[in-house]
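Heads up, the thing below is written out as structure tokens.
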Amino acid sequence: LGKAEEHTVYEGEIVGMILAVELLKERTKRMREKPTMALGVDNQAAIRATKGFQSKPGHYLLDIFHDDLRRMLSRKDDRKLTIRWSAGHIGIPGNEEADEQAKRAARGESSEHCKLPPSLRN
């Protein structure tokens, strides 16, 4: 996203949700059976925002999230993505590694541009 002074934690949470959809897409490509999917998010404002289309700060990121999700779940696909509140992501496998990666990003150690999902490269 850029410098911390230019963006909010809320926007960071939504970018995390966009990246999670990308990971789900990559993982389900390799699987025969399409699994039930759940996304644990510890920001209730970000969860509520996924249900509406009102223009608010960070809305452009919700547009990306919805577009990526629509591309992953075509009309023929009957899977659903459940987004649930996970207080502090307690009990979520990989949470400690995700926290460490978030801290690295906050220090400016960003991913290479070519490794980002296409929807986040602009």
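Can you list residues whose amide H is under 5 Å from LEU39's amide H, if they're 5+ apart or on another chain and H is modeled 1.01 Å from N?
Amide H neighbours of LEU39, under 5 Å, 5+ apart: THR82, ILE83, ARG84.
THR82 versus GLU112, label points 7 Å from Cα toward the beta carbon: distance in nm?
For THR82 paired with GLU112, the spin-label model returns 3.8 nm.
Bear in mind that the values in this text are calculations on the coordinates, not laboratory data. Given the structure is predicted, the values throughout are model-derived calculations rather than measurements. Cβ sites come from the backbone with ideal geometry, for glycine too, and all protein chains shown count toward neighbours.
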